[in-house]
């Protein structure tokens, strides 16, 4: 039932997996340290996102082999994220609007 | 395509020589990239007809279940119409019953009938046949998908029998009212509805993965994406939309179930209802609406896109002409699908969301009108200079065009944010969406059933009954929904149990009675259709092979109806698109997809 | 049967155009099961995205105080307040199991049955540890800190709701993964993938490719945790 | 022949129905007449598309009906025609959208001199609150609602003291005075809709929504709830009465402020408890 092309079987040296594994540890530690040193505001925000994206990228590209996949599947998997990004953008604006309306019209802390 | 890469492609693609003179191409086809699919052949009655792994049987199972539940939806609509046309005549219809009917009618028709019928029914039956595969890629998962759907339907039906009855929250299930005591069915009904929807999503995901992977990875040799029938394009895009849109519904269902059962405050702000504080804090009802419509708008196209695809094929076959602008049609389907994810909040113009969203969503919504209009133009341009057989599928296709154009242009009213303000939540909306995603897709479904019934059963449906069915359904449905727009202009809100004591609404009485009578007539005509199907399945006129002289692969199986595994010993090899009708330079009126260019050397076909 | 030699196909953007214009398979060299898992994960991504978007909406639209996760999830070890300690350990456990899974996939391709089986087992145990720690975390929050899905003593009620819902949904994914990992470990030890033994339900032949598919799922679970860690615990 | 004629008749019938339909919108009673103009424009554009496309279809059905000796044309594509049609459609869409967005911009931009009033919706009825002399509505919270304070007004907020409480389904408005309605709900979604004003907006619990309009005609107008809100949805009616200035002032003078109402309610409660004690 499945395709059986032995030629396409790709194995990678064990080293690359161990490297990525180590990097994931390091970046997880970094993102933990963001909390440990209690960074706040924009710095915290950007550092968290930065480490998160790096880790996600490493897992997807190496562990999930996306780096070695053909563009057809990579594009198919990544483009739909645009819809999510639009959703995020809209909901950011929406929740800000909700917050301001509430702060303007409602008593807080009752 | 660049020639240097043609080592793996069929030679015909490279044969479009630049010199301009047509050179008959060689037919050599490289061997398959994918090994022969192993199939589980049924050994007993149970595995052959009940727990069957054959996509064709699963498709019929889906279709029958969806039709059965759709009939319930139809009967519910009669109750609503009786109340609206002749209020205070029928004592069994109280406001609670009325709202429960409205809700269940909407949900059944949109999700359990149309989605399941187009994707589960037509999708399962047609995809493997039309792309030249033996079966779906995961027959077992496909079977489980149907059984999940059946369980979802049973859970839904069971809500009619629980204390408090089914939910009456409207098909949009907006919280807070969906789970507060002021709404009928807020005890068990809403929970069962949410559970049923979640099960439907899970079951559909199993099926949907099958459809997508079968189309992407299991086509036969020569079947490039740009040679697939538009039916497949429609179903494919709709399935992709469903796989990406249903998650939002699933999440919304989970969160509302928790709000209901555990008393969380996802969608529940501070609420003072029926004289007491509810104790919830800080939630946002608008969040639910965003999630719901992030699912709900693509859902409209989940229903519409397969209809677009199927109707293109019906028109082309029965007008004996290639579909006009195939590439445009494909791109239009894909663009509509992609855009459908960024227009959802046009259902929420009056919901109290951030008012500046109106600009963005009105713009994106009206942009969708462009590819949609192109599709309409291409359908009528396909008729132009065709040779139109007014068969029943063709009649239904024509009916589709009229109802769809009508419903589509009223969509331009509602999509344009400022016009939506007076019209939203009135009968204008009801008329609009029934026209565009009720009647129009149903026209296609009927046409498709008349078209493919010979393939499924080996017999024709009765033509006379079919014509009666068409004319009553089409004219009747048009008579129901066209005048209904004007109720909306007066300002009659939807979901009103009765409304006649308003001074300026009394004018609508006669119109409402007319609509009710028309609706009952159209509804009862469907019994004629069911009789036709059941009777013809056993006693209908025997059909010869390929009765409509179509080109696509499903008509060219060794047996008709096709056996398990679809295509005999060898899978067909495809050399052309399915629209080579009336090709010049050759006597044959049509050239099926698997006819090699060497068999029709004089045909002046264009490259596909 | 002629082999499809993927290495000879064009790469990158040209490859994209080529693959979509080609017949038979659009994802060249991708088995059906793997393609299905990818598309399923895409759909699942949308589920988790919707959860996280809802979290964001609730959090930035509530006028009540949002609890500070760093303190809520802190542990006191030997009298020292360590923020987010348990979560950090859980993160490392999950990454470790992801690493072993990646190696298991590699050995599966090399048809190294023993190595592959042990690594799958290690992954399963890692996953089980994670679930166990999550159970501990839940019980601590419920019984010790008094956090309930509908309310909590620290602030906005949605904090608890989203915590239990999102980690619960992720935990369900992990648990399902653990079950499959154990089943696959047994199958690998038994040599199903070498003998092509037929599946109990689907009656289809077993193949080492299944391990890569399971691996994709497991890495996805890890991937989701990266986002939950960032958006729920660190934010 | 027969089929084409019937399809054509249906199109004719639709147009005829539209022209002679007795069912049409009620005369506008607010400044939103330009919504009507936008709808009219849309009707002209889309209506002609409908007639054109469907007539063309009927014509094709008649002209190219099946004949055994006819062979259909073979023409997969006509790029030029398709591009032209696309451009034409895009033009039409812009013509629809642009004026719509202009009016929408007006709709969401509240004029400075608008009187802010609050509409409160509950299952199943309407109440109102006017800002009093200071022109400012006091802050609220649903969790403050109780027998004495039925609106959940903030007792600490000085702006709330002179707020005028209208616990009645009838709302009076002054002619030609722009009004910004701030919509609030105690329980579920509702929608404050007066067909003659054209405008509407949902009310949500946990949020305040708004829109504005200027009544331009005196008279009584019915308020309908246009968002499904439970079993009593259809019965959730109220009335807006647009008055001349003198009538409006007379009505306003009879209304009670929040401060007075609180005092009254307290007094009543005292009496009640005293009665119970006795």
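Read-outs: derived from the displayed coordinates by stated rules, not from any lab. What you see is a predicted model; the values in this text were computed from it and never measured. Every residue, glycine among them, receives a Cβ derived from its backbone with ideal geometry; neighbour counts consider all protein chains shown.
List of remarks:
- Segment residue D:112-residue D:55, length gained on full extension (0.36 nm per residue, minus Cα span): 15.5 nm
- Partner shielding of A:41-49 amounts to 2, given as the average count of beta-carbon atoms from other chains within 10 Å of each residue beta-carbon.
- Relative contact order for chain B, counting Cα pairs under 8 Å that sit 6 or more residues apart, in percent: 15
- Cα-based shape type of chain B, given that a ≥ b ≥ c are square roots of the gyration tensor eigenvalues and the cut on a/c is 1.5: prolate
- Rounded if a/c under 1.5, otherwise prolate or oblate - the protein assembly as shown, Cα gyration tensor axes: oblate
- Given R0 = 25 Å, the distance between the Cβ atoms of residue C:81 and residue A:88 translates into a calculated FRET efficiency of 0.15.
- Packing rank of A:76-87, B:162-173, B:379-390, where each peptide gets the mean count of other beta carbons within 10 Å, highest leading: B:379-390, B:162-173, A:76-87
- For chain B, the longest principal axis of the C-alpha atoms and the axis of helix B:440-457 are separated by about 50°.
- Cβ-derived FRET efficiency at R0 56 Å, residue C:186 paired with residue D:272, nearest 0.05: 0.15
- R0 of 41 Å, Cβ-Cβ distance residue D:265-residue D:235: FRET efficiency to nearest 0.05: 0.90
- For segment D:120-278: relative contact order, % (alpha-carbon pairs under 8 angstrom, 6 or more apart): 25
- Potential lengthening between residue B:544 and residue B:559 on full extension [0.36 nm per residue; Cα-Cα distance subtracted]: 4.3 nm
- Estimated inter-spin distance, residue A:46 and residue C:89, nm [label 7 Å along Cα→Cβ]: 3.5
- With Cα atoms, 0 to 90° folded angle of helix B:230-261 axis to chain B main axis: 30
- Cα shape, segment D:173-264, gyration tensor, a/c 1.5 rule: oblate
- The C-alpha atoms of chain B define a longest principal axis, and helix B:139-158 lies at about 20 degrees to it.
- Shielding score for C:77-89, defined as the mean number of other chain Cβ atoms within 10 Å: 1
- Length-normalised contact order for chain C - Cα pairs under 8 Å, 6+ apart - percent: 23
- Residue mean of other protein chain beta carbons inside 10 Å, D:54-67: 6
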